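Novice: Take this structure, written in structure tokens, and hold onto it; I'll ask about it next.
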Amino acid sequence: MSVNVSTRFRPYHRVVIFIAVLLLLSLIVPLAWVSWGSEVDIHSGRVRKSVWVIGILVKREVEETWVSSAAESIGEPEWHFAVTDQWWGGGHPHWNYHAAVNQIESIEKTFDVFSWEEEARRGAADEILRRWQARDDRDADAYVRMLLDMLYQEIPDQREGDRISRDDLPGC
């Protein structure tokens, strides 16, 4: 039985040619082969992080945050993109909840500096979730900035050992 050599190795040649074309394109067009993104659930404060390779989702995990731990969820999950890096190297588009993950992390960093009562954490988390319901993160961003200004400008005058209470928080 005779086998045509060119037919026998044709799939192999197609793979080699495909890889060669991809490598050539990668030199001409700078593609980001791996990209990532973060989404925020505006009803609980959880963050979902995803990783794509050439546009194919390869990893997705949901992380609890201090907001999701402190506040009661106000409905079914409603995920919105916060930060993404487009896989074709297009940069970071501005999503409606672009600052949401940063808002969560900015307040969380204050927990190492100031002692917060649980009720104060719950109040701040509830207020952030409430403001996210406006269909973008601008109201929440204004609140977080106001809260950070209050913490770093007014509260440092407190005696050591004093705790941040719900009454100290703006808008609660």
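Novice: Can you list residues from other chains, or at least 5 along the same chain, whose modelled amide H is less than 5 Å from the amide H of Ile42?
Specialist: The answer is Glu78, His80.
Novice: Using the Karplus equation 6.51 cos²θ - 1.76 cosθ + 1.60 (θ = phi - 60°), what ³J(HN,Hα) coupling, rounded to whole Hz, does each residue of region 39-44 give in order, writing x for Gly and Pro?
Specialist: Coupling constants for region 39-44: 10, 10, 8, 6, 9, 10 Hz.
Novice: Go through region 64-78 residue by residue and turn each phi into a ³J(HN,Hα) via Karplus (6.51, -1.76, 1.60, θ = phi - 60°); whole Hz please, and just put x for glycine and proline.
Specialist: These are the phi-based 3J(HN,Hα) values: 6, 10, 5, 5, 5, 6, 8, 9, 7, 4, 9, x, 5, x, 9 Hz.
Novice: Something else about it: Pop out the ³J(HN,Hα) list for region 33-38 in order, Karplus 6.51 cos²θ - 1.76 cosθ + 1.60 with θ = phi - 60°, rounded to Hz; leave Gly and Pro as x.
Specialist: For region 33-38, the Karplus-derived couplings read 5, 10, 9, 9, x, 10 Hz, x marking Gly and Pro.
Novice: Another one. Excluding ligands and nucleic acids, what accessible area in Å² is computed for Tyr12 using a 1.4 Å probe, to the nearest 10?
Specialist: Rounded to the nearest 10, the figure is 140 Å².
The values are calculated or read from the model by the stated rules, or taken from the named source; none is laboratory data. Model, not experiment: these values are computed from the prediction. Keep in mind that these areas ignore ligands, DNA and RNA; they rest on the heavy atoms of the full protein, side chains included. Shrake-Rupley method; radii C 1.70, N 1.55, O 1.52, S 1.80 Å.
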